[in-house]
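Remarks on the structure that follows.
Readers should treat all values here as calculations from the given coordinates under stated rules, not as data from a laboratory. This is a predicted model, so every value here is computed, not measured. For neighbour counting, all protein chains shown are included, and Cβ atoms are generated from backbone atoms with ideal geometry for every residue, glycine included.
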């Protein structure tokens, strides 16, 4: 694959997954769940969450084909299902809600919230899982997979960086600013979900 094509694949993957990971909603939830933590523990939680997301995302990305084979699911059927879930996530973002998350007041001070609920399901929810499985299953070219992997990693690290500086972001743009950015992310996700569903339907029909 030419270098320009790899760069294009990297860029497209990065942009798509940056919005699919809903970074501004994630920041809002992170701030809510870590509000009573000291700054050093808050930073440690952000780093552990980022690592957990990397492990979960790449497991899904690289073993998607195996999962399809085991369960006998066609790629286009999964496209339609994942696209529908992604659209529901977009609607919830626009409405200002998402999957219910455990109240931070109910979380034990000694518990680790970096994997559950922060990494899963706040960052990697059902829609993100579906998108990772689809992308991993449909990429067969090694160089494309490498470029996509770096794009996915860059998107996750970008979200992780935002988590690390979440308190500063909150002071900069405020709660209302975060809400507005979450709704913009929702609009972009709705367009991505429509594209996934339409592709699946087209392949089924033609």
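What ranking of 14, 62 emerges when the number of other C-beta atoms within 10 Å of each C-beta is taken as an exposure proxy, fewest first? Could the numbers behind the result be given before it?
Numbers: 14 20, 62 13.
The fewest-first ordering by Cβ neighbours comes to 62, 14.
Over the chain, the Kirkwood radius and the radius of gyration, each from Cα atoms, give a ratio Rg/Rh of 0.98. With angles folded into 0 to 90 degrees, how steeply does helix 142-164 sit against the dominant principal axis of the chain? Use alpha carbons for both and round to 10. For helix 142-164, the angle is close to 10 degrees. Here the stretch 133-204 and the stretch 63-78 have alpha carbon centers that stand 22 Å from each other. Could you give the angle, 0 to 90 degrees to the nearest 10, between helix 75-95's Cα long axis and the longest principal axis of the Cα atoms of the chain? The helix 75-95 is inclined about 30 degrees to the chain. Between 0 and 90 degrees, the angle of helix 23-33 with respect to the longest Cα principal axis of the chain falls at about 40 degrees.
Calculated over the stretch 29-77, the projected area of the Cα convex hull averaged across directions stands at 4.8 nm². Rg/Rh, computed from the Cα trace of the stretch 1-104 with Rh as the Kirkwood radius, has the value 1.03.
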